[in-house]
Amino acid sequence: MAGASIVVIALIFVFVFYKAAPVIGASGVGLALSGGFDTQVSKAFYAPAGSPTPAFGMLGLIAGTALSCGISTLCASVMGIGAAVTVCEFCGRRGAAFFIAVVRLLAAIPSVVFGLIGLIVVVPLVERLFITVDMQIEYLDYFQMTGRNLLSSVVVLSFMIAPTVVSLSADAIAAVPDSLRETGYAFGMGHFRVIWKIVLPSARPGVIAGVLLGAGRGTGEAIAVSMVCGGIGVIPSAGFGLMNLLAPTLPLSAAIINKSEAMGSGHVAGALFSCAALLLVLGALFSLTARVVSRGFGPGGSGGGIKA
Amino acid sequence: MKGRDHRLDSALGIAYSWISMLLMAAVCLFILVTVARYGAGKLSLEFLITEPGASAVDIEGGGILTPLIGTVLLTMLGMLAALPFSLATAVYICFYARPGALLTLVETAVDILAGVPTVVIALFSLSIFVLPQFGFLSAMIETDGDGGGMAYGRSFLVCAVTMAIMILPFVTKSIIESLRSVPGSYIDGAFALGAGKWRVVAQIALRCARPGIVTGTVLGMGRIVGDTAIVWFALGGTLRMTGVQPWYMPENWISTLRNTGSTLTTYIYYTSPAGEGNSFDTAFGASLVLIGMIILLNAAAALVGRAWGGGNGQDAG
């Protein structure tokens, strides 16, 4: 029975790649290098039965995943490491217990509720604060500018990723031996300087593992992002500058949810399975790297695991 | 001394740490308050015990009986399916495996499985459970022509198995952790008294690790309760139970399990402005119930951990 995980993970790889194979074969390298996923999906959906597998291009989706997940992992790391330091160093036992409970609760809030809050609160706020009618008109040729965009996705995702970063970092920080801290104090360093120069570097493997697992969660997160991302895989362009943040986006995972209604067409299903195949590889990479990182370096590694 | 004011550095650093933590706490509080504020008006006994409206048009009038039952049913079934495998894997890794290729393979498989996004697991279930061999889990679809047929691939049973796959690595890892925290002296002592290996595992290790096992189980249940993507694909996301009616009669239970339904999460998705229902306060009402369930589960986990001696009370989130 202990072999169940091996069998299951092997089956997942086989089935997902088997289903994705026709689309990957038909699109070749263009799958990762060209755009236009949205129109291709609707074309494939209305294509007559028995037509050959069309080519798909997921560049917009890949960019969406990279941007939304990258930026929000960055925000979540900054916020999460700070929070972990507070929990471990600045508030007493009671305070730490309270904040850990808060972080656990935040981690336990279902993604659909994050999406709902994002849709009701974040999206209108982003629209009111950043988007003007003039801007909407100016960018009308490229995309429709609404509150459902990359920025909203980043805001929602950051708070979904942060708890993972906090809990793994806090474990690692708590595991740093007190003798190291006392050495720092003996040299006359201030409290925060000890944290910054001694505690955090010693806890680095655990912190990095937390960030990687958080990034993994961010890439895989589907429901909440699909609710606030705008649903169009716009390829970011350097010419738009910061306006890219206000463009609608469609990460790979959200695309699977968003286009699931068109899965009746075998070609669309194939395209969604190729998204899944890419996500599968990314997810495996993130968790394996996190494991190697947290086991590889000396003390402070938290055993290489996600804790609930 | 460099020309920098360390006291200022320190103050800034402390401010940054506190702001980060307080921001997260504030967002958490804000989510709870928002859900409570919009959802409380909808909450009533009637909301809990009436079935949802049959379609998007009359969704406002209905309650959340079937999604609520769906969530509870799925959580129990999924956990029942996952627990034996998780226990076996954890016991194998901790007590029976010799260091070597096989152990590494099992551990790596658990790690990779933990990193697979739920939406990918959901699509996977859609690809495997439509095979006619799995027809007993859902309904068979008659296809005209070659008579091979396909399974429908969406039902409570299918969804429960898929959920079990999703939580398998998490439950396994938390059981491993609690097994490792059992003092070695207990185990050596039992061996010294002449107990066989299986006896030591079953009567000493598993018993000492019980609080940790229960905590892991409850947290795994929390993951099932909160998941949407798998339910969306593997349960079909129909508002009501679609088996033989009335679904709650014992003679129809098998039919209900082999057919589609919904849980609170898909119900929220459906009724939110992102879905078809577009009934804002119904979505928040259901969210309030959902978050209530999750808080209860977490509290139960904490309570069990404390009541039984707090075996692994130190692990954070």
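Please treat every number below as a calculation from the coordinates, not as lab data. The shown structure was predicted, so the numbers you read here are calculated from the model rather than taken from an experiment. Here the Cβ positions follow ideal geometry from the backbone for every residue, glycine too, while neighbour counts run over all protein chains shown.
For the protein assembly as shown, what number results from the quotient of the Cα radius of gyration and 2.2 N^0.38 Å? Provide the component values of the computation, followed by the final result.
Details: Rg = 24.8 Å, N = 625, 2.2 N^0.38 = 25.4 Å.
Expressed relative to 2.2 N^0.38 Å, the Cα Rg reads 0.98.
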Query raised in the report: Relative contact order for chain A: what is it in percent, counting Cα pairs under 8 Å that are at least 6 residues apart?
Result: 27
Query raised in the report: Counting every Cα pair in the stretch B:45-307, what percent are over 26 Å apart?
Result: 49
Query - Neighbour-count order for A:H191, A:H267, fewest beta carbons within 10 angstrom listed first - result: A:H191, A:H267
Report summary line: If B:W232, B:W253 are placed from fewest to most neighbouring beta carbons inside 10 Å, the sequence is B:W253, B:W232
Report summary line: To the nearest 20 debye, the protein assembly as shown has a Cα-centred charge dipole, built from +1 on Lys and Arg Cβ and -1 on Asp and Glu Cβ, of 1920
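For B:I291, A:I208, B:I254, what ranking results if the residue with the fewest other Cβ atoms within 10 Å of its Cβ goes first?
In order of increasing Cβ crowding within 10 Å: B:I254, A:I208, B:I291.
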Report summary line: Over the stretch A:154-197, the quotient of the Cα radius of gyration and 2.2 N^0.38 Å is 1.56
Query raised in the report: If you wrap a convex hull around the C-alpha atoms of the stretch A:126-264 and split its volume per residue, what is the figure in Å³?
Result: 150
Query raised in the report: Do any chymotrypsin sites (Phe, Trp or Tyr not before Pro) in the stretch A:141-212 lie in a loop, going by DSSP, with at most 12 other beta-carbon atoms within 10 Å of their beta carbon, and if so which?
Result: A:F187
Requested in this report: Give the dimensionless ratio obtained when the Cα radius of gyration of the stretch B:1-42 is divided by 2.2 N^0.38 Å.
Outcome: 2.02
Report summary line: Between the modelled labels at A:E261 and A:Y46 (7 Å from Cα along Cα→Cβ) the distance in nm is 1.5
Query raised in the report: In angstroms, what radius of gyration and Dmax does the stretch A:100-167 have, counting Cα atoms only?
Result: 14.9, 48
**Report entry** Helix-only [θ]222 nm of chain A, DSSP H runs n ≥ 4, -39500 (n - 2.57) each, per residue, nearest 500
**Finding:** -21000 deg cm²/dmol
Query raised in the report: Taking each residue of A:282-291 in turn, how many C-beta atoms of other protein chains fall within 10 Å of its C-beta, and what is the average?
Result: 5
Query raised in the report: What whole-number value in cubic angstrom gives the convex hull volume per residue for the C-alpha atoms of the stretch A:4-296?
Result: 169
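Could you give me D for the stretch A:254-299, from Stokes-Einstein at 20 °C and 1.002 mPa s, where the hydrodynamic radius is the Kirkwood radius over C-alpha pairs? Units µm² s⁻¹, please.
Value of D from the Cα-based Kirkwood radius: 172 µm²/s.
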